[in-house]
1. Gaussian network model of the chain, Cα springs within a sub-10 Å range: biggest mean-square fluctuation belongs to which of 151, 141, 31?
2. How many percent of the alpha carbon pairs in the stretch 13-53 exceed a separation of 15 Å?
3. Compute a Gaussian network model of the chain, connecting alpha carbons closer than 10 Å, and tell me which residue from 61, 158, 75 fluctuates the most.
4. Calculated FRET efficiency, residue 147 and residue 115, Cβ-Cβ r, R0 25 Å, to nearest 0.05?
5. For the chain, modelled as a GNM with alpha-carbon contacts under 10 angstrom, which of 102, 20, 156 fluctuates the most?
6. Per DSSP helix of 4 or more residues, -39500 (n - 2.57); summed, then divided by the residues of the chain. What does that give at 222 nm, rounded to the nearest 500?
7. Kirkwood Rh over Cα pairs of the stretch 37-174 into Stokes-Einstein at 4 °C, 1.567 mPa s: D in µm²/s?
8. What relative contact order, as a whole-number percentage, does the chain give when Cα pairs under 8 Å and 6 or more residues apart are counted?
């Protein structure tokens with residue numbers, strides 16, 4: 001049963017642009033790949049444009065759901081064309097190797113600023129769970145995003161006076 005992606009995992013990129021996917025994330029990718037070819041499973045990396053500073057990794061089933069939602073939009077509409085370009089055209093299907101690593105395609109390396117010299121230095125990436133997907137960030141970008149989010153939360157009226165973050169959830173119904 002699909003439990004979702006949770007947690008933060010710091011990983012290195014090796015000289016062949018491979019990154020180890022944590023076991024818990026691999027299990028969720030396997031669960032979300034109904035047509036997988038044992039022992040390997042597939043995933044979709046959406047690298048999109050510069051508005052997102054991360055790459056989003058979808059299990060196959062989750063990506064199919066996203067595609068279906070995009071198909072439901074009016075053909076030719078601005079919304080559909082934008083989503084097709086950013087979420088469909090700028091995506092790559094990858095396969096995990098027998099050791100649970102995935103090779104970062106060139107477009108993904110470009111997005112994350114992983115040039116050959118930087119890869120040789122063994123850059124840190126953060127794989128961050130976001131329930132239905134996980135995001136791949138450079139460590140520096142991830143830390144900067146967390147800091148920016150902390151500033152936003154500090155200005156949020158709902159959290160004034162030190163209210164708990166869980167107060168942002170809607171009340172439990174009946």
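1. The residue that fluctuates most here is 151.
2. Here the tail beyond 15 Å accounts for 56 percent of pairs.
3. Largest GNM mean-square fluctuation: 158.
4. Computed FRET efficiency for residue 147 and residue 115: 0.50.
5. 156
6. -9000 deg cm²/dmol
7. 74
8. 31
Coordinate-derived values only; no laboratory data. Small disclaimer: the values here were computed from a predicted structure and weren't measured. Glycine gets a Cβ as well: all are built from the backbone with ideal geometry, and neighbour counts include every protein chain shown.
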